[in-house]
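The values are calculated or read from the model by the stated rules, or taken from the named source; none is laboratory data. This is a predicted model, so every value here is computed, not measured. Cβ placement follows ideal geometry from the backbone for every residue including glycine, while neighbour counts extend to all protein chains displayed.
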Amino acid sequence: MNYTLLARPTTRYDSLVEQLREAAQPDREAPLVLGPYLDKVRRNAYKVSDQDVQALKDAGCSEDVIFEQTVSVAVAAGLKRLEAGLEVLP
């Protein structure tokens, strides 16, 4: 059998997605206290509550750090899902 490797289809949004990937810095290190919260954002963002954020503030995290880490993880998760979807396109 002879298999041909097909390239991922390109979209008109590829350059925008790459800019988003770079801006989000999905590989940035996060404070350990944010671990469970960021996992919740990554897997079940709809379950994040005001109480989750308040608990992080009470633990000493600034709103800026919480926001930046939340956006970074959410964008990374969204891009991962986008890539998975693009892989199944013919």
**OP:** Considering each residue of region 1-45, count those that are under 26 Å from VAL88 (Cα atoms), in contact with a helix residue (DSSP H, G or I) (Cβ under 9 Å, 6 or more places away or on another chain), at pLDDT 85 or above and not basic (Lys, Arg), and give that number.
**Re:** 3
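On the given criteria, is VAL65 surrounded by 12 or more Cβ atoms within 10 Å (Cβ to Cβ), in contact with a Pro (Cβ under 8 Å, 6 or more places away or on another chain) and touching a residue at least 40 places away in the same chain (Cβ under 8 Å)?
Numbers: surrounded by 12 or more Cβ atoms within 10 Å (Cβ to Cβ): yes; in contact with a Pro (Cβ under 8 Å, 6 or more places away or on another chain): yes; touching a residue at least 40 places away in the same chain (Cβ under 8 Å): no.
It is false that VAL65 is surrounded by 12 or more Cβ atoms within 10 Å (Cβ to Cβ), in contact with a Pro (Cβ under 8 Å, 6 or more places away or on another chain) and touching a residue at least 40 places away in the same chain (Cβ under 8 Å).
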Original post:
Considering only residues of region 19-58 that are among the polar types (S, T, N, Q), surrounded by 10 or more Cβ atoms within 10 Å (Cβ to Cβ) and in a helix (DSSP H, G or I), which is farthest from the chain's Cα centre (by Cα)?
Top reply: GLN54
